[in-house]
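The values are calculated or read from the model by the stated rules, or taken from the named source; none is laboratory data. Every value quoted in this text rests on a predicted model; they were computed, and no experiment measured them. Cβ sites come from the backbone with ideal geometry, for glycine too, and all protein chains shown count toward neighbours. When the accessible area is computed, the model is the full protein with side chains, heavy atoms only, and any ligands, DNA or RNA have been set aside. Shrake-Rupley method; radii C 1.70, N 1.55, O 1.52, S 1.80 Å.
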Amino acid sequence: MAFDISRRWVLTGAVGASVACATACTTSGTAAAEAAFPADAPSAEPELLGPRGGVALLSRNENPYGPAPSALKMIEYAGKKGAYYPDIAGKKLAAMIAERHGVTPDMIAITTGSGEALCAIALIYGQKGPIVAPRLFWDTTALYAVNLGMAEIDRVPLAADMSIDLSAMEAKVTSETGLVQLCNPNNPTGMVLDPETLKAAVKRMSATTTVLVDEAYMELANDPDANTCIGLVKEGHNVIVSRTFSKIYGMAGIRVGYTISSPETAAKIQSTSMSWISGVGLAAAIGSYNDTAFLDFSKGKIVEAREMILATTGVLGLESLPSQTNFVYFKSGKEANAVQQAMKEKGVYIRGQYMDYNEWTRVSMGKIEDVERFCKALPEVVSA
Ligand SMILES: Cc1ncc(COP(=O)(O)O)c(C=O)c1O
C-alpha cells in the first residue's frame, strides 16, 4: 500500500496530485476519501486508551475527572486544524502562564509533558556534574540522562520522617554540582517541605548551582502560593520550576508541561527539547488553564478520595505519610510487590516497591468508586 502511494506520487507528480485533490474536494470528496482509506482502519474502542474495563487504575497519579469540558471543546477544534503545524498557540499559552505568575513569556518553556523539559534539564546540567537529589523522588527523567551516560545522581538519604533532608542536600552542594533536583510535593511520599525552610535552602544552593524544583503536584497542595518556588525565579535566583497539565488538569495523555526560569535558561530548555508540542495539547491547555470551576471540582474529588484512603489505613493501624497530592504512601507491613499483586488480582492497580522501601506502597486517587474498591480490598489484602 505504502509502495503504491509513493509510486503513484512519483509517476504523477505534484501537479497530478493537486488535480486529484481538487477533484476530490469539489465533486466526489467522500467517495475519494473512502477509496483512499481502508474500511478496516482502526476505530475508537473503549479500551484503546485508558484503563481496561473492570480495572480501578490507581497507580499513575492521574486525574480521571479530566480533561475539563473547556479542554475537550478546544481538542475538537484542534483536531479539525490538525493539518497545520501549530504557530501562535504556543505563544498564547506562554502568555497565559506568564500572566498568571507575573513573569514574562520568554521565561516559559512549553514541552510535551513536563517530563520532556525535565529530561532536557537532566541532559543540560547532568553533563556538568552530579545531580544532587533526595533518595526518593520522581527520578525517571534524571535516569534518562544517566542511561545515556550523561549524568549521575547523588542521592541524599531522607530525614527520619521521610521528608527531604534539605540540610543534608545542602551539605553535598559544591561548585562541581551539576544540578540540585527537588520535587515539592515529593513523589512518592506526597509530602510538602516547610516553605520558609525550603526557600531559604534553595536560595543558598542556587548561589552555587542550578536548582530545579519539580512542582508537578503543586496545584494540589493546601496552599500552592505559599509553597511554590516561582517567587525565587522572579527574584533572579538560579532556579527552574516545572509544572504540568497531567495532574490536576487531568490531561496526562495529552502531554503538556512547562518550566518557569530565566529567559536564557528557558531558551536552553526549549532548544534541547526533542519534540514540537502538538496543537491538540496546546489548545487543550489554553482552553482549561483558567478553568477554576474544573480545578476546584478536581481538587475536591482528590481530597475526598484521600480522606477515604487515610480513614482506611487509619482504621487498619497503618502508618501513612501526610500527603498534599493525589496519592498516599503508606506502610502496609507486607512486601509492596506482593500487596500490588494481591490488589491486581482484585482489579485494583497500585504501585509496587520503590528502591528498598519494601513495605511501603503508593496508591493514587482516582474515581471515587475506584477508591472505594481499594478501601474495601485493603483490609483483606493486608490481613491475608
Ligand atoms: C513529580 C513528577 N514530575 C513530573 C512528572 C511527569 O509528568 P508529565 O510528563 O506527564 O508532565 C511526573 C509524572 O508522574 C511526576 O510524578
Discussion item. For the list (1) part of a helix (DSSP H, G or I); (2) among the acidic types (D, E); (3) open to solvent by less than 60 Å² (accessible area, probe 1.4 Å); (4) away from the ligand (no atom under 15 Å from the Cβ), I need the number of the one condition that D154 fails.
Written reply: (1)
Fill in: Whichever residue in region 128-149 is more than 14 Å from the ligand (Cβ to nearest atom) and in contact with a strand residue (DSSP E or B) (Cβ under 9 Å, 6 or more places away or on another chain) and, among such residues, is most open to solvent (accessible area, probe 1.4 Å)
K128
Practice prompt. Under 6 Å between Cβ atoms, at least 6 apart or on separate chains: pull out the pairs that start in region 99-116 with a residue that is open to solvent by 30 Å² or more (accessible area, probe 1.4 Å) and end on any residue that is of a type in the set (V, I, T).
Written response: T112/I277
Worksheet, complete the sentence: For region 318-338 the number of residues that are part of a helix (DSSP H, G or I) and within 25 Å of the chain's Cα centre (by Cα) is 2
Worksheet entry | Selected residue (only one of G236, G190 is at positive phi, out of contact with any Cys (no Cβ under 6 Å at 6 or more places or on another chain), outside the structural domain of S320 (by TED's automatic domain parsing) and away from the ligand (no atom under 11 Å from the Cβ)) | G236
Discussion item. Please go through region 169-186 and give me each residue that is open to solvent by less than 10 Å² (accessible area, probe 1.4 Å) and more than 16 Å from the ligand (Cβ to nearest atom), ordered by number.
Written reply: M169, T177, G178
Worksheet entry | Residues satisfying the stated conditions in region 247-256, i.e. open to solvent by less than 10 Å² (accessible area, probe 1.4 Å), touching a Leu at 6+ places or on another chain (Cβ under 8 Å) and within 9 Å of the ligand (Cβ to nearest atom) | V256
Fill in: Top-ranked residue of region 158-168 - restricted to ones that are without any contact (Cβ under 8 Å) to a residue 60 or more places away in the chain and surrounded by 21 or more Cβ atoms within 10 Å (Cβ to Cβ), ranked as farthest from the ligand (Cβ to nearest atom)
L166
Fill in: region 271-286, residues that are open to solvent by 50 Å² or more (accessible area, probe 1.4 Å) and farther than 14 Å from P86 by Cβ
S271, M274
Worksheet entry | Lone qualifier among Y85, Y77 - being in a helix (DSSP H, G or I), aromatic (F, W, Y) and away from the ligand (no atom under 16 Å from the Cβ) | Y77
Item to complete: From A56, A122, A68, grab the single residue that is open to solvent by less than 20 Å² (accessible area, probe 1.4 Å), within 16 Å of the ligand (Cβ to nearest atom) and in contact (Cβ under 8 Å) with a residue 24 or more places away in the chain.
Response: A122
Practice prompt. Give just the number: which of (1) free of Cβ contacts under 8 Å to residues at least 24 places away in the same chain; (2) more than 30 Å from P69 (Cα to Cα); (3) not assigned by TED's automatic domain parsing to the domain that holds A83; (4) not in a loop (DSSP other than H, G, I, E, B) does S271 not satisfy?
Written response: (3)
Response to the item:
From the option list D291, D296, D356, single residue qualifying as under 30 Å from K91 (Cβ atoms) and surrounded by fewer than 17 Cβ atoms within 10 Å (Cβ to Cβ) is D296
Item to complete: Test A336 against the stated conditions and say whether it is in contact (Cβ under 8 Å) with a residue 12 or more places away in the chain and within 30 Å of K92 (Cα to Cα).
Response: no
Response to the item:
Checked region 197-226 for anything buried (at least 21 other Cβ atoms within 10 Å of the Cβ), within 16 Å of the ligand (Cβ to nearest atom) and touching a residue at least 40 places away in the same chain (Cβ under 8 Å); matches are L212, D214, A216, Y217, L220, A221
